[in-house]
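Read the structure below first, then the notes.
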Amino acid sequence: MANIDSERSPSAGSDILNGLGRAFTKTWQAVAMPAAAVLVSMGCGALLLALNGFNGWDIFTVMLSGVFQDTRSIAEVLLKATPLILIGVGLCVAFRCSIWNIGAEGQLYAGAVATTAVGIAFPGLTSWIYVPLVILAGALAGAAWAAIAGLLKIYFRASEIVTTIMLNYIAIIATSWLVTGPLKDAAAAYPQSARLLREAWMPKILPPTRLHIGILIAIALAIAAYIFLFRSSAGYAVRVVGISPHAARYAGMSVSRNILLAISISGAMAGLAGAFEIAGVTFRLYQNISPGYGFEGIAVALLANNNPVGAIFSGTLFAVLRSGSEIMQINAQVPQVLVSVIQGIVILSVVGFGVYRFRSARPSE
Amino acid sequence: MGATPFLRMENIHKRFGPVIASAGVNLEVEEKEIHALLGENGAGKSVLMNILCGVLSPTEGQIVFKGSPLRLGSPREAIRHRIGMVHQHFMVVPNLTVAENYVLGHGSPLRVIRDMKQVSTRIRELSHRYGLDVRPDARIHDLSVGEQQRVEILKVLYHGVDLLILDEPTAVLTPQEADRLLALLRDLVADGKTVIFISHKLDEVMRVSDRVSVMRDGKVVFTTRTAETNPRELARMMVGRDVLMDLPRAQTSPGRVVLAVENLSCNNELGLPAVRGVSFEVRQGEIVGVAGVSGNGQSELALALVGLLPAASGSIRLNGEEICGLTSSEINHRPLSHIPEDRHKMGIVLPLPLTENVILQRYDQAPFSSRGMLRFGEITEHTRDLIRRFKVKASHPGEAIQNLSGGNQQKLVVARELARNPDFLLINQLTRGIDIGATELVMQEVLKQKEKGKAILLISTELEELFAICDRILVMFEGQFLGEVPPDRARLEEIGLLMAGNREEAQRLHNRAGAIEA
Ligand SMILES: Nc1ncnc2c1ncn2[C@@H]1O[C@H](COP(=O)(O)OP(=O)(O)OP(=O)(O)O)[C@@H](O)[C@H]1O
Ligand SMILES: [Mg+2]
């Protein structure tokens, strides 16, 4: 058969060339689909704006120049990107294991609550200890909240799609109760917690902007998650369980343990997102601490094709869209609904291209 | 043959990136014939048939069907042109009923619900007409492989086809079921249909087909009337050399007991008794065969031996150590390997590359893993080695295993398991989907293992496979071993009787044979 070119050629040089060629096509394939999805949705968005009497191109330039106006506006984008990347990266791991965790929003709240509780409780600690402590508390709380759904799936075969959504409601409502009751700042008129102790605040990296070290941690964790999934034995098991539980059992992998691991990792990442919001941005717990990062994170992971490194870029893209939508409303008077519709189109085309890729794969014999 | 044949595929090319799967195929099929398609693993048979039924589109070339050129965009369009295919791996939705599967994707959902009764009636009618015994309200996952295949065939007939394509339909069938299928094909032709069927079993091809085409390296290299050829010539055309039909076997005397099973019983997934108190031993340097009609407990026996199905009672000792009750992970760390019956379900992970399929059970063991990280250098080297030794047709170790042809996937599984160098080797269907040339290679490798002193248990529904390499054959019926027979073709009838559960008759036959000898 004429297909074994690299096997046949004796020279190592052409082997390397072949390898490079393959790496290139692979990267191209990985990037082409999301890029096409983004282009298509931008086209649709422009059309939609035009139909509503706006000049799509003008709005686009207004939006971009607004988003990248100065250091401060760029810092604001990265501030929004941080939770999106964290949650997206965690969901990449869960989705690779075929765990449909829809509960990142709730896990984010769980993390935020834990960070707040720890961050107001221990005066006298130094920053070196206190900051890692509050972050860890958030991650653990997020992991634990997600693990509930994992355990329900393992022991009662309860669909995690349903249980994580229910846990979202519980976490969000519990947060409301906490900030109006037990954790309420007695001095404040509004429902909010006391302020975190100074020593628990995450350091800023670009003063005078609000940007904190969270973005660097998020990027580092994305790379770590990539290495975990694709280079480590444990990550390999997570992926095999996600593709074929039968093969996983045959290979001696514990399906339950891997499910629990994957959902806990995604919960920990969402919990971190909550911790960073509290210890890096607001320093207090409020009722609506997240504007839906947990749900947008799903789209971040999908657009990245469940690749954690890709989630750095897709997370940033969604942050740009988010900042852009504010600017569209303020500077170009585009109604909020229209902005939401455009975001919806982005998500739909991402999913659509995903389906296309699925269908063009080889049919089994 | 008329001026325009029923079907003509002209100069078909199909490339997947650098891989050339079809390199200018020409194929002609006449109306109302059974046309067999032969070829080595990876010769391009499935790809060609997938082009013909609209699943793949050719890079180049044209198809002329019933005198007019055919351009297909999807399998549904092919059905509209009355061409249908039964794929080697079934394409039905397991938790729907037969009738639901038939209408899935055809017509609007509302119409489908309204017409369900009618659909069922039609299925019953067709099923009756071809003696297929398909119940429209049965759920797919409750059916045996043979039944599922009948469902697939009837599905194609239900949509009304003139040309029926079957890709290795007999690979997963027992010989009895295969006979039934071949008879059905004859009935279909008598009914005015045309059949193309792919098989690696030359005797079937000789028995049922009118004409044969042989493919090699993405081309049809030979077409003839079946009556004018013989298995030897066909084998030579496929492989390009003479194939040994009988393998030389070194006489080894069995050594110490490696696997000792006592009174093992276990239930199947539905909780019904499947294996009922079997006891046997496998020694170093011997190959023990397990024959039987499928569904008599062989699958459950295999799974129980490797800890994938809990045993209800009994003991399994490997090298003297009790392994009954250990988890499959613990058993994976014992010197034991397992070639599973259904490669797609268990043996491989389709979307992953060859490299990541090769380490399936050893992903956390040296040398493929150290300090928790996978060592891709070692893994790729090992994969290359297996590809070379077992002549697996793959363009590179990083290729997704689903891109390989069915037989090459099986070769890689066999290669992986033999390379683990175990003391005990459990094989459930060795050569399923493998061409005759590769069968020879694979069997020789298994015999080499035996010569190295490995203990081997070979479960198979193919008597030929058992006769070719086993030292003794246990016959399984309804979860029990009814008897032990040497792999002697003269004892075929006796084995047949035992497989049907008729122990007395078999005993009588055996005694008579003994009396004549004496
Ligand atoms: N989607 C694909 N991507 C890359 N290569 C492919 C793809 N599909 C098929 N091939 C290659 O095309 C060749 C022909 O494959 P095909 O499945 O037609 O073989 P086959 O004759 O059916 O073999 P078998 O008897 O093993 O089933 C193989 O080398 C296979 O690796
Ligand atoms: Mg094939």
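Select from the stretch B:141-156 the residues that are crowded, with 16+ Cβ neighbours inside 10 Å, in a helix (DSSP H, G or I) and out of contact with any Asp or Glu (no Cβ under 9 Å at 6 or more places or on another chain) and list them in ascending order.
B:Gln148, B:Val151, B:Glu152, B:Ile153, B:Leu154, B:Lys155, B:Val156
Taking the options A:Pro203, A:Pro191, name whichever one is surrounded by fewer than 16 Cβ atoms within 10 Å (Cβ to Cβ), touching a strand residue (DSSP E or B) at 6+ places or on another chain (Cβ under 9 Å) and either on the phi < 0 side of the Ramachandran plot or away from chain B (no Cβ under 14 Å) (or both).
A:Pro203
Looking at B:His159, is it within 14 Å of another protein chain (Cβ to nearest Cβ) and either more than 16 Å from ligand 2 (Cβ to nearest atom) or open to solvent by 10 Å² or more (accessible area, probe 1.4 Å) (or both)?
It is false that B:His159 is within 14 Å of another protein chain (Cβ to nearest Cβ) and either more than 16 Å from ligand 2 (Cβ to nearest atom) or open to solvent by 10 Å² or more (accessible area, probe 1.4 Å) (or both).
Let me spell it out: the conditions are (1) within 14 Å of the chain's Cα centre (by Cα); (2) away from chain B (no Cβ under 14 Å); (3) surrounded by fewer than 22 Cβ atoms within 10 Å (Cβ to Cβ), and A:Tyr226 meets all of them except one. Which number is the exception?
(2)
Taking the stretch B:76-89, which residues are open to solvent by 30 Å² or more (accessible area, probe 1.4 Å) and either more than 16 Å from ligand 1 (Cβ to nearest atom) or not assigned by TED's automatic domain parsing to the domain that holds B:Gly160 (or both)?
B:Arg76, B:Glu77, B:Ile79, B:Arg80, B:His81, B:Arg82
Could you go through the stretch A:120-133 and let me know if any residue there is closer than 20 Å to A:Arg257 by Cα and open to solvent by 10 Å² or more (accessible area, probe 1.4 Å).
Checked the stretch A:120-133: no residue is closer than 20 Å to A:Arg257 by Cα and open to solvent by 10 Å² or more (accessible area, probe 1.4 Å).
Within the stretch B:427-477, track down each residue that is in a loop (DSSP other than H, G, I, E, B), within 27 Å of B:Ala235 (Cα to Cα) and away from ligand 2 (no atom under 16 Å from the Cβ).
B:Gln429, B:Leu430, B:Ser460, B:Thr461, B:Glu462, B:Cys470, B:Asp471
More than 16 Å from ligand 2 (Cβ to nearest atom), among the small types (Gly, Ala, Ser) and open to solvent by less than 10 Å² (accessible area, probe 1.4 Å): is that true of B:Ala419 in this structure?
In short, no.
Please work out which residue is surrounded by the fewest Cβ atoms within 10 Å (Cβ to Cβ), limiting yourself to the stretch A:273-312 and to residues that are under 16 Å from A:Gly88 (Cβ atoms) and polar (S, T, N, Q).
Looking at the filtered set, the residue picked out is A:Asn305.
Since A:Asn306 meets every condition but one in (1) within 12 Å of the chain's Cα centre (by Cα); (2) in a helix (DSSP H, G or I), which condition does it not meet?
All conditions are met except number (2).
At pLDDT 90 or above and within 16 Å of ligand 2 (Cβ to nearest atom): is that true of B:Asn403 in this structure?
When the stated conditions are applied, B:Asn403 passes them.
So which residues in the stretch A:138-183 are outside any helix (DSSP H, G or I), surrounded by fewer than 19 Cβ atoms within 10 Å (Cβ to Cβ) and either in contact with a Ser or Thr (Cβ under 7 Å, 6 or more places away or on another chain) or not charged (D, E, K, R) (or both), if there are any at all?
Of everything in the stretch A:138-183, those that are outside any helix (DSSP H, G or I), surrounded by fewer than 19 Cβ atoms within 10 Å (Cβ to Cβ) and either in contact with a Ser or Thr (Cβ under 7 Å, 6 or more places away or on another chain) or not charged (D, E, K, R) (or both) turn out to be A:Ala158, A:Ser159, A:Gly181, A:Pro182.
Looking at B:Val25, is it within 16 Å of ligand 2 (Cβ to nearest atom), more than 23 Å from B:Phe222 (Cα to Cα) and among the β-branched types (Val, Ile, Thr)?
Against the criterion (within 16 Å of ligand 2 (Cβ to nearest atom), more than 23 Å from B:Phe222 (Cα to Cα) and among the β-branched types (Val, Ile, Thr)), B:Val25 does not qualify.
Among what's in the stretch B:204-219 and is open to solvent by 30 Å² or more (accessible area, probe 1.4 Å) and not in a loop (DSSP other than H, G, I, E, B), pick the residue that is nearest to ligand 1 (Cβ to nearest atom).
The qualifying residue nearest to ligand 1 (Cβ to nearest atom) is B:Arg216.
I need every pair where a residue in the stretch B:421-441 that is more than 14 Å from every other protein chain (Cβ to nearest Cβ) has its Cβ under 6 Å from the Cβ of a residue that is in a loop (DSSP other than H, G, I, E, B) and within 16 Å of ligand 2 (Cβ to nearest atom), sequence separation at least 6 or different chains.
B:Thr439/B:Thr431
If you go through the stretch A:96-128 one residue at a time, how many are touching a residue at least 24 places away in the same chain (Cβ under 8 Å) and either part of a helix (DSSP H, G or I) or among the aliphatic types (A, V, I, L, M) (or both)?
The number of residues fulfilling the criteria is 22.
Could you list all residues from the stretch B:18-65 that are touching a residue at least 60 places away in the same chain (Cβ under 8 Å), assigned to a loop (DSSP other than H, G, I, E, B) and either crowded, with 24+ Cβ neighbours inside 10 Å or within 14 Å of chain A (Cβ to nearest Cβ) (or both)?
Answer for the stretch B:18-65, where residues must be touching a residue at least 60 places away in the same chain (Cβ under 8 Å), assigned to a loop (DSSP other than H, G, I, E, B) and either crowded, with 24+ Cβ neighbours inside 10 Å or within 14 Å of chain A (Cβ to nearest Cβ) (or both): B:Pro18, B:Glu40, B:Asn41, B:Gly42, B:Ala43, B:Gly44, B:Cys53.
Are any of the residues in the stretch B:266-281 out of contact with any helix residue (DSSP H, G or I) (no Cβ under 8 Å at 6 or more places or on another chain) and of a type in the set (Asp, Glu)?
yes
So which of B:Val392, B:Val413 is in contact with a Lys or Arg (Cβ under 6 Å, 6 or more places away or on another chain), within 13 Å of ligand 1 (Cβ to nearest atom) and either touching a residue at least 40 places away in the same chain (Cβ under 8 Å) or part of a strand (DSSP E or B) (or both)?
Exactly one residue qualifies, and that residue is B:Val413.
Which condition number in (1) within 16 Å of ligand 2 (Cβ to nearest atom); (2) open to solvent by less than 30 Å² (accessible area, probe 1.4 Å); (3) in a loop (DSSP other than H, G, I, E, B) is the one that B:Leu72 fails?
Among (1) within 16 Å of ligand 2 (Cβ to nearest atom); (2) open to solvent by less than 30 Å² (accessible area, probe 1.4 Å); (3) in a loop (DSSP other than H, G, I, E, B), B:Leu72 violates only (1).
Tell me, which helices (runs of 4 or more DSSP H) lie completely within the stretch B:284-376 with 2 or more residues that are within 7 Å of chain A (Cβ to nearest Cβ)?
B:328-332
Restricting to the stretch B:230-269, what's the tally of residues that are open to solvent by 40 Å² or more (accessible area, probe 1.4 Å) and among the hydroxyl-bearing types (Ser, Thr, Tyr)?
Qualifying residue count for the region: 2.
Only one of these conditions is not met by B:Ser369: (1) under 26 Å from the mean Cα position of the chain (by Cα); (2) open to solvent by less than 30 Å² (accessible area, probe 1.4 Å); (3) not hydrophobic (A, V, I, L, M, F, W, C). Which number is it?
For B:Ser369, the exception is condition (1).
Being on the phi > 0 side of the Ramachandran plot, at pLDDT 90 or above and touching a helix residue (DSSP H, G or I) at 6+ places or on another chain (Cβ under 6 Å) is true for just one of B:Gly61, B:Gly42. Which residue is that?
B:Gly42
From (1) open to solvent by 10 Å² or more (accessible area, probe 1.4 Å); (2) closer than 14 Å to B:Thr461 by Cβ, pick out the condition that doesn't hold for B:Thr174.
That leaves (1) as the condition not met.
Select from the stretch B:181-203 the residues that are open to solvent by 10 Å² or more (accessible area, probe 1.4 Å), more than 14 Å from chain A (Cβ to nearest Cβ) and within 16 Å of ligand 1 (Cβ to nearest atom) and list them in ascending order.
Correct list: B:Lys201, B:Leu202.
The values are calculated or read from the model by the stated rules, or taken from the named source; none is laboratory data. What you see is a predicted model; the values in this text were computed from it and never measured. Backbone-built Cβ (ideal geometry, glycine too); neighbour counts: all protein chains shown. Keep in mind that these areas ignore ligands, DNA and RNA; they rest on the heavy atoms of the full protein, side chains included. Shrake-Rupley method; radii C 1.70, N 1.55, O 1.52, S 1.80 Å.
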